[in-house]
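Participant: This is the structure I have questions about; it appears just below.
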Amino acid sequence: MQDTFGRTIDYLRISVTEACNFRCIYCAPNGHSDPAASPLAIDEIERVVRAAVALGISKIRLTGGEPLVRRDIVNIVRAVAAIGGVQDLALTTNGFLLARLARELADAGLRRVNLSLDTLRRDRFTKITGVDAFDAVWQGIRAAEDAGLAPLKINVVALRGVNDDEFADFARLTVDHPWHVRFIELMPVGTSGAASEFFTRHFIAASDIRTRLPELDRASIHGNGPARTYRLPGAPGTIGFITPASEHFCNACNRIRVTARGALCACLFGERGTDVRGALCEGVSESALQDLLARAIGEKPERHPLGDDYSIDAGAMSEIGG
Ligand code: SAM
């Protein structure tokens, strides 16, 4: 389906829980806001995906919070994978529980995972996430590879004064492994003053990250704009940049999101969203559900306000679904 700005919307991200087993310093250092909020049930997720697929969506990503803390995550994957028209099913995870679940998830129909990893140093990992889990995450990466969840993408949030001395180490991973390392610019999400202070102190623009990676001068470039990726000579993996703040890529945005509480957000930083769960609870018909989604897609804004000195009045990414 096309939105009013001519963008083809074919990608749905569903947050399956707000809960997370990490307390990342830039996301939810004090935990998520409402642990009691119940997430969408499997049958609700299934209905939303079916309606989205009927509108032309073919790529689904499960996210959170941390999707693997949901006890029924394998069943969710199986249910979504079984929906005809779902061509690509992926999941974003911090990897902590992946060693245990990778094989089952792959068998249930998951194709690939994006894994968030902001440091390669054990002690620093604990400081960033609040959990001594570096080894467990590394085992999770291995398990994902063994289970064929490929290609593996590793998301690194770039943080001045926290991990900016490790960018070259991350880049080198792509020489030794067929992994796609993506540096993500910190986003000023969260309502608290502390969140915006954190942003001011730790934000690094992608252009600055590049200058810290002189290796990229020897790299080949693939794609343009938001999709631009670099490959070091002989490397099986690639290096990319996700730049929501410095070079927004809204004109190529192909996605919508459903939060764990069942709100459909056409833009990551849009308004509170359309209450899909409310409609489901009221027994909305299949076609009315499709209409609801189509209307929300139709209202997708042309661009998000990041980078315009705009304060983002949203919850943490764990609430919106990163
Ligand atoms: N728990 C899963 C994980 O760790 O990947 C999925 C949810 S997490 C909210 C999704 C992604 O959002 C992670 O890569 C995380 O680093 C990123 N993220 C969270 N807060 C962010 C922020 N303020 N700026 C940029 N990225 C952020």
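Participant: Output the residue which, of all residues in region 140-176 that are acidic (Asp, Glu) and open to solvent by 30 Å² or more (accessible area, probe 1.4 Å), is farthest from GLU215 (Cα to Cα).
Facilitator: The extreme case among them is ASP146.
Participant: Mind checking which pairs have a first residue in region 273-288 that is in contact (Cβ under 8 Å) with a residue 40 or more places away in the chain and closer than 21 Å to LYS300 by Cβ and a second that is assigned to a loop (DSSP other than H, G, I, E, B) and open to solvent by 60 Å² or more (accessible area, probe 1.4 Å), Cβ under 8 Å, 6 or more apart or different chains?
Facilitator: Cβ pairs passing all conditions: ARG277/ARG261.
Participant: Quick test of your reading of the structure: VAL258 fulfils all but one of (1) within 13 Å of the ligand (Cβ to nearest atom); (2) buried (at least 21 other Cβ atoms within 10 Å of the Cβ). Name the failing condition by number.
Facilitator: Among (1) within 13 Å of the ligand (Cβ to nearest atom); (2) buried (at least 21 other Cβ atoms within 10 Å of the Cβ), VAL258 violates only (1).
Participant: Would region 200-213 turn up any residue that is modelled with pLDDT under 90, surrounded by fewer than 21 Cβ atoms within 10 Å (Cβ to Cβ) and either within 16 Å of the ligand (Cβ to nearest atom) or outside any strand (DSSP E or B) (or both)?
Facilitator: Scanning region 200-213 turns up no residue that is modelled with pLDDT under 90, surrounded by fewer than 21 Cβ atoms within 10 Å (Cβ to Cβ) and either within 16 Å of the ligand (Cβ to nearest atom) or outside any strand (DSSP E or B) (or both).
Participant: Further question on the same structure: I need the helices (runs of 4 or more DSSP H) fully contained in region 219-322, keeping only those with at least 2 residues that are modelled with pLDDT under 70 and not β-branched (Val, Ile, Thr).
Facilitator: 317-320
Participant: Now for a separate question. Got a sec? Which of ALA158, ALA143, ALA150, ALA136 is in contact with a strand residue (DSSP E or B) (Cβ under 9 Å, 6 or more places away or on another chain) and more than 11 Å from the ligand (Cβ to nearest atom)? Working first, answer last.
Facilitator: Details: ALA158 fails: more than 11 Å from the ligand (Cβ to nearest atom); ALA143 fails: in contact with a strand residue (DSSP E or B) (Cβ under 9 Å, 6 or more places away or on another chain); ALA136 fails: in contact with a strand residue (DSSP E or B) (Cβ under 9 Å, 6 or more places away or on another chain).
Answer to the selection: ALA150.
Participant: Output the residues belonging to region 47-97 that are open to solvent by 30 Å² or more (accessible area, probe 1.4 Å), within 14 Å of the ligand (Cβ to nearest atom) and in contact with a Lys or Arg (Cβ under 8 Å, 6 or more places away or on another chain).
Facilitator: None - no residue of region 47-97 is open to solvent by 30 Å² or more (accessible area, probe 1.4 Å), within 14 Å of the ligand (Cβ to nearest atom) and in contact with a Lys or Arg (Cβ under 8 Å, 6 or more places away or on another chain), so the list stays empty.
Participant: Every residue in region 174-195 that is in a helix (DSSP H, G or I) and either touching a Cys at 6+ places or on another chain (Cβ under 8 Å) or within 11 Å of the ligand (Cβ to nearest atom) (or both), please.
Facilitator: Answer for region 174-195, where residues must be in a helix (DSSP H, G or I) and either touching a Cys at 6+ places or on another chain (Cβ under 8 Å) or within 11 Å of the ligand (Cβ to nearest atom) (or both): just ALA195.
Participant: Counting just the residues of region 189-199 that are under 20 Å from the mean Cα position of the chain (by Cα) and open to solvent by 30 Å² or more (accessible area, probe 1.4 Å), which one comes out nearest to THR229 (Cα to Cα)?
Facilitator: Ranking the candidates gives PHE199 first.
The values are calculated or read from the model by the stated rules, or taken from the named source; none is laboratory data. Predicted model only: the values in this text are computed from it and were never measured. As a convention, Cβ positions derive from the backbone with ideal geometry for all residues, glycine included, and neighbour counts pool all protein chains shown. Side chains included, ligands, DNA and RNA excluded: accessible areas come from the protein's heavy atoms. Shrake-Rupley method; radii C 1.70, N 1.55, O 1.52, S 1.80 Å.
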